[in-house]
Amino acid sequence: MRVETQCVQEGYKPENGQPRILPIYQSTTYKYDSAEHLGKLFDLSVPGHMYTRISNPTVELVENKIAALEGGVGAMLTSSGQAANLLAVLNIASAGDNIVCSSAIYGGTINLFAFTLKRLGIETRFFTPEATDAEIHALFDERTRLMFGETVANPALLVCDIERLASIAHAHNAPLVIDNTFPTPVLCRPFEFGCDIVTHSTTKYMDGHASVVGGCIVDSGNFDWQAAGRYPELTEPDESYHGVVYTESFGKTAYITKARVQLMRDFGCTPQPIAVFLLNLGLETLAVRMERHCQNAQAVAEYLEKHPKVGWVNYPGLASSPQHALAQKYLPKGVCGVVSFGVKGGREKAMQFMDSLKLAQIVVHVADARTSVLHPASTTHRQLTDEQLVDAGISADLVRLSVGIENIDDILEDLEQAFDKL
Ligand SMILES: *Cc1c(COP(=O)(O)O)cnc(C)c1O
């Protein structure tokens, strides 16, 4: 199946006489014919559901759909994108370890890694997109557990050179984790470029209607934990699971199985079945929406580029963008619906411009059907230091426009009337 078909058809496949639409199994608990069977479930020796904190049939079917979309062997939904990135790291990193991370990532992830993980004893070693291979290699040591990047950084729109990062990480027998939130698997499938684990904030385009917060981790099944020889948490007995060895019992799904039966069991950042039902509705139209988001964003970027009141435009889909070559390689179908630009006159004019918009509304959210606008330096990225802002590619005049799926003429007319007021 092609990705457009997978969005609609993957996951729930009803049998004769069953409901056509994904049922919401709003049940915390499951019934068994024998105590022995339940014992086997707890031993992980038979598949099935024990308790909704760990797994649920509605949730599982949508996990299967996202795994299929990314081309992975398994996925785990979480209650938020933050929870997905947290568990993706904690699954293989502990106090005393470190991770190597691109600085061109979402501000919330920078907070999580630079401050909160640090308090847990995990150090994050950031590199900027300009860093040379040698500089990035130098960040690795024997306690480096993974490398982390973001396909298209929110909101700096820097395109990650996934193949380059994968080859650096693999030289150190470490996996590459990529946050693929902005492109979604409709526009980019990082596993095809050597990435090992993908994470998502499903809150953005996947849901697409700004109705449910959620996240996901997807396992490619490609990283050979055994051969790497440095992931005892996967290749040696887990005390908290009467000695299960994940790589022996679960093979290619070792990483994602451990994330579920150990970390989801312990942290409990579980998505609700009803929320996952809503996510699935969004996924059904994802491919169609991404196409329109990209078309509209391209038109907006081209309009802004010619506008006399605009200082600069950043959209990797523009031929003039320094990111264009990377975008053509990794995102040939389109980059995403987010365009960032600077209004001439700096912070003050940018604010005035935003206040004058009528169709595009000021919201914190990004990447849903409605056109919206945000000033990251004073909001989502407010907690970053000036240096972190520069490293993340965010200037004080940067306006982030999340171009929706409305008629393009209405979007352009709204921008024009707001510029007229400056
Ligand atoms: C929003 C976002 C997150 C955090 O996800 P939540 O669902 O808000 O917790 C992580 N990564 C990226 C790229 C995001 O845009």
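The values are calculated or read from the model by the stated rules, or taken from the named source; none is laboratory data. Note that the coordinates shown come from a computational prediction; the quantities given were computed from them, not determined experimentally. Because the Cβ atoms are built from the backbone with ideal geometry, glycine has one as well, and the counts that use them run over all protein chains shown. The accessibility values were calculated without ligands, DNA or RNA, using every heavy atom of the protein model including side chains. Shrake-Rupley method; radii C 1.70, N 1.55, O 1.52, S 1.80 Å.
So here's what we get for this one:
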read-out	value
Selected residue [assigned to a helix (DSSP H, G or I), among the basic types (Lys, Arg) and at pLDDT below 90] from Arg382, Arg347	Arg347
Hey, Ala325 open to solvent by 10 Å² or more (accessible area, probe 1.4 Å) and closer than 16 Å to Phe182 by Cβ or not	no
Residue within segment 310-322 that is open to solvent by 10 Å² or more (accessible area, probe 1.4 Å), assigned to a helix (DSSP H, G or I), in contact with a Leu (Cβ under 9 Å, 6 or more places away or on another chain) and of a type outside the set (Ser, Thr, Tyr) present	no
Every residue from segment 380-422 that is more than 27 Å from the chain's Cα centre (by Cα), open to solvent by 50 Å² or more (accessible area, probe 1.4 Å) and among the acidic types (Asp, Glu)	Asp409, Asp410, Glu413, Glu416, Asp420
Residue match in segment 286-296 (condition: modelled with pLDDT of 95 or more and in a loop (DSSP other than H, G, I, E, B))	no
